[in-house]
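This report refers to the structure that appears directly beneath it.
Throughout, read-outs are computed from the coordinates displayed, never taken from laboratory work. The structure presented is a predicted model; accordingly, all values stated were derived computationally and were not measured. Neighbour counts run over all protein chains shown; Cβ positions are idealised from the backbone, glycine included.
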Amino acid sequence: MTDIELVTDWMRNSRYITLFTGAGMSTESGLPDFRSSGGLWTNNRRFEELASVEALAHDYDEFVAFYRWRITELQKYAPHEGHFAIARLQAQGRIQALITQNVDGFHQRAGSPDPFQLHGGLDHVRCHECGHKAPALTFLAPEGTRCVKCGGKMRPGVVLFGERLPQDAFAGAQAASEQADLFIVLGSSLLVSPANMMPEVALMHGAKLVIVNQSETPLTSHAALAIDAPIGALLAELELRLAGLGVQGEGAPPKGT
């Protein structure tokens, strides 16, 4: 069987499928990997320095400039066919849980309900003092950096360096990993901790692990299948095959009906 046939067969015969998406899912939409040295941010400071509680506390103007740039850049991009395929497969009951490391909100824009966002999201900002939330684009206005409720500093709804992951999302993701009998990684190097614990949890509970990524990961040798292929096209083909349309003649009604 080919790789796509194997995954299709496993998905058809699984009771609980959990997907785990990383940066590779977003870069297929054209979105740059902002961690990379070839990113578009022109300031000499590293991503990790600016996306931190230290910068929020002591370099707020630069922190604001960086996240205003990120929010503005994000408006230039959109979900790709893979995001929409996942949302439709969820609606059909084919996929039971979606965990993401991404903060771009593309899964929600494509129609996926309530993914476990381990690193938060850039779709909103919130007050660092009282927690008041506002749409992300309000942060671009001159007055958008101060809370209308208490006057505190507004910040994006992402997890900054120096902060813990959101506990509700982490607990939900862990439970979804424990329940999975098929766990599929899409576009993650599995190098960022503690998010990379999730496929390990799935393996410990007996799940079959599939990794779709352009490079090897620390868990590639433990995977039942590792695939180096474009994620969007792979998901689109999986969706067709699961609907019985992926192979010529498969699922077609008999002639004369």
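Observations on the structure shown:
- Coarse-grained scattering of the stretch 119-199 at q = 0.11, 0.12, 0.22, 0.23 Å⁻¹, given as base-10 log I(q)/I(0) from a Debye sum over alpha-carbon atoms: -0.41, -0.47, -0.99, -1.04
- The stretch 63-97: chymotrypsin sites (Phe, Trp or Tyr not before Pro) falling in loop per DSSP and having at most 16 other Cβ within 10 Å: 77
- For 33, 181, 228, order by how many other beta-carbon atoms lie within 10 Å, fewest first: 228, 33, 181
- Relative contact order of the stretch 72-140: 25 percent, from C-alpha pairs under 8 Å at least 6 residues apart in sequence.
- Cα extents of the stretch 56-193 along the three principal axes, largest first (Å): 47, 29, 28
- Anchor residue 149: aspartates and glutamates whose Cα lies under 16 Å away (excluding residues fewer than 8 positions away in-chain): 129
- Burial ranking of peptide ranges 162-170, 10-18, 235-243 (average Cβ count within 10 Å, highest at the top): 235-243, 10-18, 162-170
- DSSP bridge orientation in the chain - percent antiparallel, rounded to nearest 5: 30 percent
- Charge tally around residue 17: other residues with Cβ under 12 Å, Lys/Arg +1 each, Asp/Glu -1 each, net +3.
- Angstrom value of the Kirkwood radius, inverse mean 1/r, which spans all Cα pairs in the stretch 120-257: 18.5 Å
- Listed values [x] 15.7; [y] 12.3; [z] 14.7, entry calculated as mean projected area of the Cα convex hull in nm²: [x]
- Stretching residue 9 away from residue 171 to a fully extended chain increases their span by 55.4 nm, per 0.36 nm per residue minus the current alpha-carbon distance.
- Here residue 208 is the anchor, and the aspartates and glutamates within straight C-alpha reach of less than 17 Å, apart from those fewer than 8 places off in the same chain, are 3, 5, 9, 178, 181, 200.
- FRET efficiency, 1/(1 + (r/R0)^6) with R0 41 Å, evaluated for residue 143 and residue 197 via beta carbons: 0.55
- About its Cα centre, the dipole of the chain is roughly 620 debye, where the only charges are +1 on Lys and Arg Cβ and -1 on Asp and Glu Cβ.
- Pairs of Cα atoms nearer than 8 Å and 6+ residues apart set the relative contact order; for the stretch 158-245 it is 23 percent.
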